Amino acid sequence: MTARWPFQSRLPSLRQMALTCLALVSLLFGSMAWAHSSSNSYLTLSMTSQQLTLRADFHVRDLDLIFDLDRDRDGQVTWAETQARSAELSAWLVQGISLSASDQRCTLGQADLQASQHADGIYLSALWTPLCPGASGPLDETRFTLGYDLIFSQDNLHRGLLKVDFPHFQSSALLSPERPEVQVSASDSKPLQVFGRYVVEGVWHIWIGIDHIAFLLSLLVLAPLLPSRQRVVNWQAVTHARPVVMDVLAVVTAFTVAHSITLGLTITGWIKPPADLVEPAIALSVVLAALNNLLGFSAVKRWRLAFVFGLVHGFGFASVLLDLGLPASGLVAALGGFNLGVELGQLAIVGVFFPLAWALRQTRFYRWVVVAGGSMAIVVLGLFWTAQRVGWLG
């Protein structure tokens, strides 16, 4: 009789898991490439000495997607290459940005194009001094409507971050393919309006933050399984919902408390973490959370991981808020609204994931494909993000 090694009976499952992992990695890498092609433009509507100005800043890398600015094909877009296409750029800007005052369209006129340096590279800055016939009264009491429809067709995750800086009120908004137009006026600076607007921004940010979603799901996949000293793929399904709900609540609560701490401390200026460390640290947290799933019984308590790395994710949330430009007059309302929006976004994700996980918890598919295969795929994805954000991949 031919002897059989103990692991031979497991070979089909291992092969199946390997193939599934490859498929998951391919899908996630496709999503990753899509997610990380996204970018932001920065728009500022301001007023000094009763003179209205509108400024828009675009990364030259994004402009290269449309205008093919890198003529010498050296992989770098210079200001000289950008300036050589100034006429085309000016025409493109005017057809994609509009401003109205009291429902009457403003004339933007010729843009003053300059180069500006941001933390992530060279930007094209366009400056206008609009003429608005509808702004017959004080400008800071006029309702303005700003329309923005640039780069969305090349990158559907591109966002326009608008900051309004008038003498008697400050505001901000996020423009997207779903919301390409926004209205701003002094009435928008009331605390309730500020709170509601930032709730929406918080929900949207968590939904488009694939790294935050991957981290959260990594902490939740083991909740429907009963820990034992066996390998994770052999853990039994939990029979009662209550311990699973408590486990999920512990993870979500720990993450909420942690990111609320660092979000508040950063926004109020108590802590200023280096921006070039925060994003790689968030990507690394995704890797460690997924690896923790594969350690089985010796894994760190997931709510503890949620708290420790939630502190890091809070710095990432803060950078988004700072980019949006928090209104000084409504700081508490904006901070509270954004934080609530993040929680609502998280709960929506949990609300979709939990019923599916509960229904599949007794299947080999859940243990091998979702838990083991999914965790391995997220490790690979997180490592890619980490390498990308520290600059190893250019």
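What follows is calculated from the coordinates using simple rules that are stated; it is not laboratory data. Nothing here was measured: the structure is a model prediction, and the numbers come from that model. Because the Cβ atoms are built from the backbone with ideal geometry, glycine has one as well, and the counts that use them run over all protein chains shown.
Can you tell me the 0 to 90 degree angle between the C-alpha axis of helix 210-220 and the longest principal axis of the chain, rounded to 10?
Taking the Cα atoms of the chain, the angle to 210-220 is about 30 degrees.
With charges set only on the Cβ (+1 for Lys and Arg, -1 for Asp and Glu), what does the dipole of segment 62-173 come to about its Cα centre, in debye to the nearest 20?
Values: 7 positive and 16 negative charges, 70 e Å.
Dipole size: approximately 340 debye.
Largest first and in whole Å, give the semi-axes of the chain's equivalent ellipsoid, each being the square root of 5 times a Cα gyration tensor eigenvalue.
46, 25, 16
Given an 8 Å cut-off on Cα distances and at least 6 residues of separation, report the relative contact order of segment 203-389 as a percent.
This gives 38 percent for segment 203-389.
If R0 is 56 Å, what FRET efficiency do you get for GLN362 and HIS118 from their C-beta distance, rounded to 0.05?
0.65
Kindly state, to the nearest 0.05, the FRET efficiency for THR268 paired with ASP68, given R0 = 45 Å and r defined as their beta-carbon distance.
0.55
From the helices alone, meaning DSSP H stretches of at least four residues, give me the mean residue ellipticity at 222 nm for the chain, per-run term -39500 (n - 2.57), in deg cm²/dmol to the nearest 500. Walk me through the numbers before you get to the answer.
Details: 11 runs with 194 residues, N = 394.
It lands at -16500 deg cm²/dmol.
Suppose the chain between GLN193 and LEU288 were pulled fully straight at 0.36 nm per residue; how much longer would it get relative to their current alpha carbon spacing?
30.3 nm
Relative contact order of the chain: what whole-number percent is it, with Cα pairs under 8 angstrom and at least 6 residues apart?
Rounded, it is 19 percent for the chain.
Multiply the residue separation of ALA186 and LEU383 by 0.36 nm, subtract the distance between their alpha-carbon atoms, and state the gained length in nm to one decimal. Kindly include the intermediate steps, with their values, before the conclusion.
Working: separation 197, 0.36 × 197 = 70.92 nm, distance 4.55 nm.
Full-extension gain reported as 66.4 nm.
Charges at C-beta only: +1 for Lys and Arg, -1 for Asp and Glu. How large is the resulting dipole of the chain about its Cα centre, in Debye rounded to 20?
Numbers: 26 positive and 27 negative charges, 495 e Å.
For the chain, the charge dipole is close to 2380 debye.
Can you give the extra length, in nm with one decimal, that the chain gains between TRP92 and ASP276 once fully stretched, where that is 0.36 nm per residue apart less the Cα-Cα distance? Before the final figure, lay out the partial values.
Values: separation 184, 0.36 × 184 = 66.24 nm, distance 3.19 nm.
Residue separation times 0.36 nm, minus the Cα-Cα distance, leaves 63.0 nm.
Which residue, SER260, SER41, SER98, has the most motion in a Gaussian network model of the chain that connects Cα atoms within less than 10 Å?
Most flexible of the set in this elastic network: SER98.
Please find, in a Gaussian network model of the chain (springs between Cα atoms separated by less than 10 Å), the residue of TRP235, TRP204, TRP270 whose mean-square fluctuation is greatest.
Evaluated over the chain, the most mobile residue of the options is TRP270.
Between THR48 and THR129, what is the spin-label point distance in nm, taking each point 7 Å from the Cα along the Cα→C-beta axis?
1.2
Could you tell me which of TRP235, ALA334, GLN388 has its Cα farthest along the dipole of segment 203-389 towards the positive end, charges placed at Cβ (Lys, Arg +1; Asp, Glu -1), taken about the Cα centre?
Of the options given, the answer is TRP235.
Say the dipole of the chain comes from +1 at the beta carbon of Lys and Arg and -1 at that of Asp and Glu; which of ALA283, GLY374, GLN193 then lies farthest toward its positive end?
So the residue we want is GLY374.
Output the antiparallel fraction of DSSP beta bridges having both residues in the chain, as a percent to the nearest 5.
85
Which residue, LEU216, LEU277, LEU175, tops the fluctuation ranking in a GNM of the chain built on C-alpha contacts under 10 Å?
LEU277
Compute for segment 41-187: radius of gyration divided by Kirkwood radius, i.e. Rg/Rh, restricted to C-alpha atoms, rounded to two decimals.
Numbers: Rg = 15.6 Å, Rh = 15.9 Å.
We get a ratio of 0.98 for segment 41-187.
Restricting to Cα pairs below 8 Å that are 6+ residues apart, what does the relative contact order work out to for segment 287-388? Please round to a whole percent.
About 61 percent, as a whole number.
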